[in-house]
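Undergrad: Below: one structure in structure tokens.
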Amino acid sequence: MFRRSLAALVLTFGCIVSAQAALRYDSTTTLSDDSGGSMVTRSIGTFAAESGSGRTDATFSHFTPRTGGGTVNGSMNRNREREGDLLSVTYAGNLTVSQPASGSQPSRTLTVVFDEVLVTRSGEGRSISGNLTLNGREIPAEDAPRSIIAILIGLVKLMAV
């Protein structure tokens, strides 16, 4: 009897969860570094078993993600849409990354502007489109230097906190 009741409970719970409506989220997160910099994110959206959408806005103020590393100032947003196995994420923003002098290397400043950079993932793989402007020079996002992509990926991962 107990096994039948337990099986019925599990089956009922599974049906309720799978028939569940989309869940909504709304959160604000602040990350502060040891140097007094910060990153503030606000995320809102919905998700369900087969779909979802959301937006995250991030503001960086003298944020130093790594000890001894550069600082980030500016803002960016990420819009996400998922339908089945198709995920589309659009990024827009304006960031200034400042690297301090190190050894014989002088300090450097990089300004990155990205307007509607679209990353799409599906069963066939990943694609990227749109343009980045690096220190005033526009380039296709798919041709961006790996070092720039690494910086952006690191910041995007932090936005997911």
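The values are calculated or read from the model by the stated rules, or taken from the named source; none is laboratory data. Keep in mind it's a predicted model, so treat the numbers as computed, not measured. We place every Cβ from the backbone using ideal geometry, glycine too, and count neighbours over all the protein chains shown. Ligands, DNA and RNA are stripped out before the accessible areas are found, and what is left, the full protein with its side chains, is counted by its heavy atoms. Shrake-Rupley method; radii C 1.70, N 1.55, O 1.52, S 1.80 Å.
Undergrad: Taking a 1.4 Å probe, which of 53, 104 shows the most accessible area, and what order do the others take after it? Present the calculation step by step, with values, prior to reporting the outcome.
TA: Values: 53 35, 104 115 Å².
Reading off the accessible areas and sorting them downward yields 104, 53.
Undergrad: Over the chain, with the other protein chains present, what is the accessible area per residue in square angstrom, probe 1.4 angstrom? All intermediate terms of the calculation are to be shown ahead of the outcome.
TA: Working: 10530 Å² over 161 residues.
Value returned for the chain: 65 Å² of accessible area per residue.
Undergrad: What accessible surface, in Å², does a 1.4 Å probe find on residue 115, ignoring ligands, DNA and RNA and rounding to the nearest 10?
TA: Probe radius 1.4 Å; accessible area of residue 115 about 110 Å².
Undergrad: To the nearest 0.05, how large is the calculated FRET efficiency for residue 153 and residue 75 if R₀ is 22 Å and r is the Cβ-Cβ distance?
TA: Numbers: r = 18 Å, r/R0 = 0.80.
It comes to 0.80.
Undergrad: Right, here's the next one. Using a Förster radius of 25 Å, what is the FRET efficiency between residue 109 and residue 142 based on their Cβ-Cβ separation? Nearest 0.05, please. Kindly include the intermediate steps, with their values, before the conclusion.
TA: On the way: r = 24 Å, r/R0 = 0.97.
For residue 109 and residue 142, the calculated efficiency is 0.55.
Undergrad: Assign unit charges at the C-beta atoms only (+1 for Lys and Arg, -1 for Asp and Glu), then state the dipole size of the range 18-161 relative to its Cα centre in Debye, rounded to the nearest 20. Working shown, then result.
TA: Details: 13 positive and 14 negative charges, 63 e Å.
Here the range 18-161 has a charge dipole of around 300 debye.
Undergrad: Compute the angle between helix 146-159 and the longest alpha-carbon principal axis of the chain, please, reported from 0 to 90 degrees and rounded to the nearest 10.
TA: Helix 146-159 sits roughly 50 degrees off the main axis of the chain.
Undergrad: Sketch the reach of a paramagnetic label on residue 28 as a point 7 Å from Cα along Cα-to-Cβ, and name the residues of the range 47-61 whose backbone nitrogen lies under 20 Å away.
TA: 54-61
Undergrad: I've got another one for you. Would you mind estimating how fast the range 66-161 diffuses translationally, via Stokes-Einstein at 4 °C and 1.567 mPa s with the Kirkwood radius over Cα pairs, in µm²/s?
TA: Working: Rh = 14.5 Å.
The calculation lands on 89 µm²/s.
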